[in-house]
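S.K.: I'd like to ask you about the structure that follows.
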């Protein structure tokens, strides 16, 4: 049910609850019995012994075991038999089985990490009283209270909210905290990142407080659906494993054929049955390159060490070779292709765009910095909300000492930013007078202005000038920039006045692409690898970044999650061949994209950092998690961890993987050549 598309009162009514009294203790106990605890459940675990013996189902392993058994039997029957070969084969097979068990157990850690993100307790209204209970006892219809710093215990529809924002980046891929509003109504079918009247389990309240009614608990929550995907998604077989399995089958059949041929020829030459059997079996065993698993493991292990020096930590040995076979790299945008740091890249006066290094821009940045809570800490570091941090950093780069500026012009009053007002205002002591400085959404702030600063002097804000400013705002927005307007004015007896302000200018900012990402994308294309961007961000922002990096050409296609939902399997299968950017997608969409590409025979590498990326990381041929900003859930689901969170590192790792693949291929050719040579000599 789309709880976000109905009013809070309707939602409370449908859930059989009361805004003021909540549920009764008896009703809550009844619902807990019906729906179960508010926890994430994993699939039934197999015993370690069962998992260990499952490793022996592989055809190559079966051939090696048969070869070991036959070799042991022949050695036993011979007077001076050599047991070194069968013992070595058994050791190799057992070690490979042990490694397989460890890798399977690794997936379970993803779910454990997901569980650790759940809230330990929740504040609920029961029988008309506010009480704290274990989060596992929260049920549908419970009225919950959340405040800044709280982990949300379950998915819930907001009833009332006050300057509320929540950090949902792990679930949606959005890097910025999401502003929430209980009063808004959202159309049905909207993506999770746009559900501003909902809060979700495992997200963190970053500001404000709210009351909400619980709509989903446990495995029915957004994070529960991700847990289900992790439970049901099997890790794909790597290209190396597929090729080795084929080699194993060919060798097994070849060994049996050699055994039969030599046995028949020996009998025809008058040799005894037992002697003929021993000879034919010995030659068949000689045809099996029992050293192959050991050689492959050694080559992969050396590759792991080499990649670790290049900021790529491999968690699963076959992933080394899989990287070399990659034909698609599906990358997240924020932090991987971009710097994950909002940066001012444009500025406008009321008359037009201005140079960032000019005196006019310096004055604009200094004025805006006075209306920011972010603090410059030195050495290019700024602490605070990302948008404000970008403004303070721009002021510092333009030559303003923001700490000194704040001491010279101290703040005397403040009206904080809220999602309802979409602006922030402060009163500043400027010499003998107190002035108002405001910043906020251009369309909101311009309505409160009556004048503009033009060539350093105040002039009336005419309709033509207003249209000019709105046109400048639209041009910056078309470049996928986040735009902030700045204005100043008088105070009313020292108190902030938000009327009759003077418009000063516009500041445009973005999360810019990493410098090394440009060349990395070019390297991908030269190597025959197709780079694809998959993000929870808006389509406009995603496409603008993709075009800058060369991922999206003018003829390239961009799909949103809503568009994907409307496509049938055949239509979507055709679309993934040409699509290079996916925006506003859910975890289910990401898995669907990966599977569609793999169905076309592509070898897919997938990057991600959030909880929402974990199922796709597991479904891809190779999952690459972020080491710096990545969640533990994503890292546990991945095959490789990038310690520098850099797209360019993946491209370097692919090049190294191709070299390792070539080494393995040479080793296989060498071993097979030696074994065939042994047979021909006999």
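Each reported figure results from applying straightforward, stated rules to the coordinates on display, with no laboratory input. Since the structure is predicted, the reported quantities are computational estimates derived from the model, not experimental observations. Ideal geometry is used to build each Cβ from the backbone, glycine not excepted, and the neighbour counts take in all protein chains shown.
S.K.: Using r as the Cβ-Cβ distance of residue 357 and residue 183, and R0 as 56 Å, what FRET efficiency do you calculate, to the nearest 0.05?
M.R.: In this case the efficiency is close to 0.80.
S.K.: Sticking with this one: May I have the pair-distance distribution P(r) for the range 198-249, computed from all Cα-Cα distances with 5 Å bins from 0 and rounded to whole percent?
M.R.: Values per bin, smallest distances first: 4, 15, 15, 12, 10, 8, 8, 7, 7, 6, 4, 3, 1.
S.K.: Using only the Cα atoms, work out Rg/Rh for the range 609-682, with Rh taken as the Kirkwood radius, to two decimals.
M.R.: 1.29
S.K.: A follow-up question, please. What length, rounded to one decimal in nm, is gained on full extension from residue 526 through to residue 343, with 0.36 nm per residue of separation minus their alpha-carbon distance?
M.R.: So the chain would gain 62.8 nm between residue 526 and residue 343.
S.K.: May I pose another question? Calculate, for residue 57 and residue 411, the FRET efficiency according to 1/(1 + (r/R0)^6) with r their C-beta to C-beta distance and R0 56 Å; round to the nearest 0.05.
M.R.: 0.20
S.K.: Then there's this: At 4 °C and 1.567 mPa s, what whole-number value in µm²/s does Stokes-Einstein give for the translational diffusion of the range 464-582, with Rh from the Kirkwood sum over Cα pairs?
M.R.: Using the Kirkwood radius from Cα pairs, D works out to 74 µm²/s.
S.K.: Follow-up. Quick one: which of 500-509, 525-534, 454-463 comes out on top by average Cβ neighbours within 10 Å, and what's the full order, highest first?
M.R.: The most tightly packed comes first, giving 500-509, 525-534, 454-463.
S.K.: Could you tell me how far the Cα centroid of the range 340-409 sits from the Cα centroid of the range 623-663, in Å?
M.R.: 35 Å
S.K.: Per residue of the chain, what 222 nm ellipticity follows from adding -39500 (n - 2.57) for every DSSP H run with n ≥ 4, rounded to the nearest 500?
M.R.: Rounded to the nearest 500, it is -14000 deg cm²/dmol.
S.K.: Report the normalised scattering of the range 402-542 as log10 I(q)/I(0) at q = 0.11, 0.12, 0.16, 0.18 Å⁻¹, calculated by the Debye formula with identical scatterers on the alpha carbons.
M.R.: Debye output, listed in q order: -0.56, -0.63, -0.91, -1.06.
S.K.: Using label points projected 7 Å from each Cα along Cα→Cβ, tell me how many nm separate residue 669 and residue 194, to one decimal.
M.R.: My value for the distance between the label points is 5.5 nm.
S.K.: Here's something else I'd like to know. When N is the residue count of the range 549-632, what does its C-alpha Rg come to as a fraction of 2.2 N^0.38 Å?
M.R.: Compactness ratio reported: 1.09.
S.K.: Which percent of Cα-Cα pairs in the range 345-448 sits in each 10 Å bin, short to long?
M.R.: Going from the shortest bin to the longest, the percentages are 14, 46, 36, 3.
S.K.: Normalised by the number of residues in the chain, what is the relative contact order in percent for Cα pairs under 8 Å and 6+ residues apart?
M.R.: 15 percent
S.K.: Could you work out the relative contact order of the range 504-578, using alpha carbon pairs under 8 angstrom and six or more residues apart, expressed as a whole percent?
M.R.: 26 percent
S.K.: Further question on the same structure: Hey, how much of the P(r) for the range 436-518 falls beyond 14 Å, as a percent of Cα pairs?
M.R.: 64 percent
S.K.: Using a basic spin-label model with each label point 7 Å from the Cα along Cα→Cβ, how many nm lie between residue 237 and residue 275?
M.R.: Between residue 237 and residue 275, the simple spin-label model gives 4.3 nm.
S.K.: Then there's this: Would you work out the relative contact order for the range 343-510, in percent, from Cα pairs under 8 angstrom that are 6 or more residues apart?
M.R.: It rounds to 26 percent for the range 343-510.
S.K.: Using 1/(1 + (r/R0)^6) with R0 = 45 angstrom and r between the beta carbons of residue 420 and residue 574, what's the FRET efficiency to the nearest 0.05?
M.R.: 0.50
S.K.: Testing the spin-label approximation: label points 7 Å from Cα along Cα→Cβ at residue 5 and residue 466. State their distance in nm.
M.R.: About 3.7 nm separates the two model spin labels.
S.K.: From Cα coordinates alone, what are the radius of gyration and Dmax values for the chain in angstrom?
M.R.: Considering the chain through its Cα atoms, Rg and Dmax are 31.9, 120 Å.
S.K.: Find how much the distance from residue 39 to residue 127 grows on full extension, using 0.36 nm per residue of separation minus their present alpha carbon separation; answer in nm with one decimal.
M.R.: Using 0.36 nm per residue and subtracting the Cα-Cα distance, I get 29.3 nm.
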